[in-house]
1. All but one of (1) over 30 Å from residue 272 (Cα atoms); (2) modelled with pLDDT of 95 or more; (3) crowded, with 18+ Cβ neighbours inside 10 Å hold for residue 365; which doesn't?
2. Could you pull out every one of the strands (runs of 3 or more DSSP E) wholly within the stretch 17-78 that has 2 or more residues that are surrounded by 12 or more Cβ atoms within 10 Å (Cβ to Cβ)?
3. Among the strands (runs of 3 or more DSSP E) confined wholly to the stretch 357-427, which include 1 or more residues that are over 28 Å from residue 286 (Cβ atoms), in contact with a strand residue (DSSP E or B) (Cβ under 6 Å, 6 or more places away or on another chain) and among the small types (Gly, Ala, Ser)?
4. Working only within the stretch 160-189, note down all residues that are small (Gly, Ala, Ser), closer than 30 Å to residue 80 by Cβ and in a loop (DSSP other than H, G, I, E, B).
5. Give me the residue from the stretch 80-115 that is within 25 Å of residue 17 (Cβ to Cβ) and of a type in the set (A, V, I, L, M, F, W, C) and, out of that set, modelled with the lowest pLDDT.
6. Select, from 162, 84, 166, 152, the only residue that is out of contact with any helix residue (DSSP H, G or I) (no Cβ under 8 Å at 6 or more places or on another chain), on the phi > 0 side of the Ramachandran plot and buried (at least 18 other Cβ atoms within 10 Å of the Cβ).
7. Which residues, taken from the stretch 253-305, are of a type in the set (Lys, Arg), assigned to a loop (DSSP other than H, G, I, E, B) and at pLDDT 95 or above?
8. Answer yes or no as to whether residue 172 is of a type in the set (Val, Ile, Thr), in contact (Cβ under 8 Å) with a residue 12 or more places away in the chain, under 22 Å from residue 249 (Cα atoms) and crowded, with 16+ Cβ neighbours inside 10 Å.
Amino acid sequence: NNIKTDYTGTNSLTDTTGTINPTITGAFVNGKWTGMVTINRIGRNVKITTSGAGKTGESNAFDVKAGPPAKLAITPSSFTMAAGVTYSYLNISLRDANNFETTHTSNLIVSLSTTSPDGEFREFGTTNRITGVVIPTGSSFVKVDYYDIRGGTQTLTASATGLTSGTATVTVIPDTTPPVTTMTVGSPKYTSGTTTYVSGSTVFTLSASDDASGVEETKYRVDGGSWSTYTAGLTFSTLLDGSHTIGYYSSDKSGNNEAEKTLTIVMDKTPPAISSASPTGSLIQRSTSVTFTVRVEDSGSGVKEVRLTVDGISQGSMTAGSDYFKTISLSEGSHTWSIEAVDNVDNTATWSGSFTLTVDTAPPTISGLSAPSNPVFGESTTITCQVSDELSGVREVKLYYSTNGGSSWTEVVMNLQGGFYTGSIPSQMPFTSIQYYVKAVDNAGNEHQTAISTITIGIPTWLYIAVVAIIIIVAIALVLIRRKPASQTAYAPPSYPPPPPPR
């Protein structure tokens with residue numbers, strides 16, 4: 001009764017299922033529009049709402065019912081995906097004869113298939129391969145994923161007993177990119193410049209990734225040998241020390257092979273060499289401060305640390321030098337000690353020894369210092385003495401002499417002969433005054449030095465005789481010269497040349 005007959009516009013159409021078609025009416029005629037609409041989803045108490053010219057109208061509520069299941073549908077019915085990348089997701093739905101989604105009165109088993117030999121349906125949200133699904137009672141659809149590595153166009157089919165099968169077409173873009181493999185070198189390892197050192201226990205891990213079809217396998221080889229399939233972390237404990245090359249690559253499920261990569265390593269399974277450890281046996285010294293020294297060498301990765309343990313107590317790391325050393329204070333008596341040398345890839349060598357520490361602070365005793373009573377020119381001057389040290393023993397005895405009043409001193413090593421230490425001062429000129437003293441050092445480093453003594457070089461007997469003989473000879477010669485008579489010479493007149501002839 002309130003029809004606006006002059007309205008000729010169009011109205012929008014919506015419904016509570018959101019599936020009405022069309023969504024806009026045609027032009028109104030005499031205030032009315034009559035047409036067919038389709039609602040593509042079943043539902044209860046569905047209403048249609050129309051709006052236009054500032055007015056809104058709503059239909060009575062009604063139920064949209066689907067017919068009995070007649071077919072299956074796969075949506076989307078056509079899609080494109082990349083090889084090796086899961087497509088998520090596909091709807092496998094029940095439809096009636098009018099293509100409405102509908103339900104089944106019991107669980108419906110649906111078989112799934114593909115024309116691709118490498119394609120597979122997967123449980124939604126997982127990588128579990130499936131060949132069928134169940135649409136539960138009261139449900140109209142189920143979600144699945146699809147995976148394929150074969151490029152090209154394939155047909156997917158969903159089928160169930162008594163229903164028309166549903167199909168979809170998929171275009172798979174082929175994978176032409178090979179995987180990428182990385183190698184991780186675990187511990188222990190040591191890098192010096194471009195050289196990587198490893199040990200027989202070092203673990204090598206290969207990791208491959210492929211964003212498309214996925215990694216099929218990873219292979220490796222050593223020093224150009226045969227290829228092996230990688231399954232888990234690798235160790236190369238059977239390799240000899242020295243340089244080796246590890247090659248590796250991966251293949252994907254589309255048959256793409258990565259170019260071989262290589263890593264050069266230096267195997268070091270040999271621990272450091274320990275030698276020249278000191279002290280051992282008996283150690284007699286002036287103090288309780290003991291210096292431990294040891295030579296440690298490693299021709300591979302190099303020495304990382306040398307640790308000292310004394311009497312079962314760790315003393316920490318030793319200091320590196322030409323030898324490794326560390327000084328600690330100990331009590332007198334017996335001690336045990338050990339060395340643990342570690343190289344840069346954790347190869348370890350050990351050494352152990354013992355010694356007895358005796359503290360000696362008493363210097364040697366020098367007695368019986370003797371020199372010639374009348375040293376003479378032309379002969380060396382021999383100095384002798386006796387030296388004793390009851391505890392650590394005599395290490396060295398030296399004679400020092402000076403011929404210039406002590407401005408400079410010359411050192412002479414004294415040798416032990418028949419219980420006496422003997423040293424000689426070379427021959428000096430007559431009347432030379434020689435100062436001398438003796439210094440003795442024991443094996444603990446204690447020193448004792450005598451007072452400075454002085455001797456003067458005299459003239460030997462033979463020189464006296466020679467001088468006297470020379471004097472006598474000179475005297476006789478002078479006497480003989482004085483006794484010789486004077487010589488007499490006859491007078492002879494001078495001679496002149498004859499005169500020249502007359503002219």
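1. Failing condition for residue 365: (3).
2. Numbers: elements: 43-46, 48-52, 55-58, 62-64, 71-75.
Answer list for the stretch 17-78: 43-46, 48-52, 62-64, 71-75.
3. By residue number, 365-370, 394-402, 420-425.
4. Of everything in the stretch 160-189, those that are small (Gly, Ala, Ser), closer than 30 Å to residue 80 by Cβ and in a loop (DSSP other than H, G, I, E, B) turn out to be 160, 165.
5. Residue satisfying both the conditions and the ranking: 100.
6. 84 is the lone residue from the list that is out of contact with any helix residue (DSSP H, G or I) (no Cβ under 8 Å at 6 or more places or on another chain), on the phi > 0 side of the Ramachandran plot and buried (at least 18 other Cβ atoms within 10 Å of the Cβ).
7. Looking only at the stretch 253-305, we keep the residues that are of a type in the set (Lys, Arg), and these are 253, 261, 269, 286, 295, 304.
Restricting the remaining residues to those that are assigned to a loop (DSSP other than H, G, I, E, B) gives 253, 269, 286.
Residue satisfying the conditions is 269 alone.
8. It is false that residue 172 is of a type in the set (Val, Ile, Thr), in contact (Cβ under 8 Å) with a residue 12 or more places away in the chain, under 22 Å from residue 249 (Cα atoms) and crowded, with 16+ Cβ neighbours inside 10 Å.
The values are calculated or read from the model by the stated rules, or taken from the named source; none is laboratory data. Predicted, not measured: the structure shown is a model, and the values here were computed from it. Virtual Cβ from ideal backbone geometry, glycine too; neighbours counted across all protein chains shown.
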